[in-house]
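Here is the structure we will look at.
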Amino acid sequence: MPFHERAGFLSRYPFYSFSPNGKEIAYTPLHEGVFVADVEGKNHRKVADHNLRQFFQVDWSPNGEHLVFSADTRAGEYGLYIYSFVTRKVRRLVSLPDSLPILPRWVGDSLPVQPLNKMAVTWGSIKGSEK
């Protein structure tokens, strides 16, 4: 996928992910939230901050309906969160108080994650009555 010249703003953010259709980019400025922009680097919008303190890895679900991201709370507790484009809500999937940042990646219908210094964990499909 060609990297659009206007998407150069991503050089400031270590955590970003292209949407499955290649038209949008999700990114996480460390202390600001989760944002989505088009690949030309326009139309930036915050989709999640959820009263969290630091934001890390972000990834799109294969169907483009969700973003999964890791963040820590103001109390220093790391967790895995999911944002739904359907409901426009964030929910915490898991809290890992004795962990470092989590690196979530969607693989098909599963969501394997690797907490640093911990055993890898795989969740099955994310299900819910969001539609």
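The values are calculated or read from the model by the stated rules, or taken from the named source; none is laboratory data. Owing to the predicted nature of the structure, the values given are computational and were not obtained by experimental measurement. Please note: Cβ atoms are built from the backbone with ideal geometry, for glycine as well, and neighbour counts cover all protein chains shown.
Of all residues in segment 56-71, those satisfying the criterion of being touching a strand residue (DSSP E or B) at 6+ places or on another chain (Cβ under 8 Å) and farther than 13 Å from L93 by Cα are F56, Q57, V58, D59, W60, S61, E65. The combined condition, being closer than 16 Å to W106 by Cα and free of Cβ contacts under 8 Å to residues at least 60 places away in the same chain, is not fulfilled by L52. Kindly indicate whether G79 is under 23 Å from G108 (Cα atoms) and not in a loop (DSSP other than H, G, I, E, B). Spelling it out, G79 is indeed under 23 Å from G108 (Cα atoms) and not in a loop (DSSP other than H, G, I, E, B). Looking across segment 62-76, the residues that are surrounded by fewer than 16 Cβ atoms within 10 Å (Cβ to Cβ) and not hydrophobic (A, V, I, L, M, F, W, C) come down to P62, N63, G64, R74, G76.
For V47, indicate whether it is surrounded by fewer than 21 Cβ atoms within 10 Å (Cβ to Cβ) and either touching a strand residue (DSSP E or B) at 6+ places or on another chain (Cβ under 7 Å) or without any contact (Cβ under 8 Å) to a residue 60 or more places away in the chain (or both).
It is true that V47 is surrounded by fewer than 21 Cβ atoms within 10 Å (Cβ to Cβ) and either touching a strand residue (DSSP E or B) at 6+ places or on another chain (Cβ under 7 Å) or without any contact (Cβ under 8 Å) to a residue 60 or more places away in the chain (or both).
The set of residues from segment 1-42 being more than 16 Å from E65 (Cα to Cα) and either at pLDDT 90 or above or not in a loop (DSSP other than H, G, I, E, B) (or both) comprises E5, R6, A7, G8, F9, L10, S11, R12, Y16.
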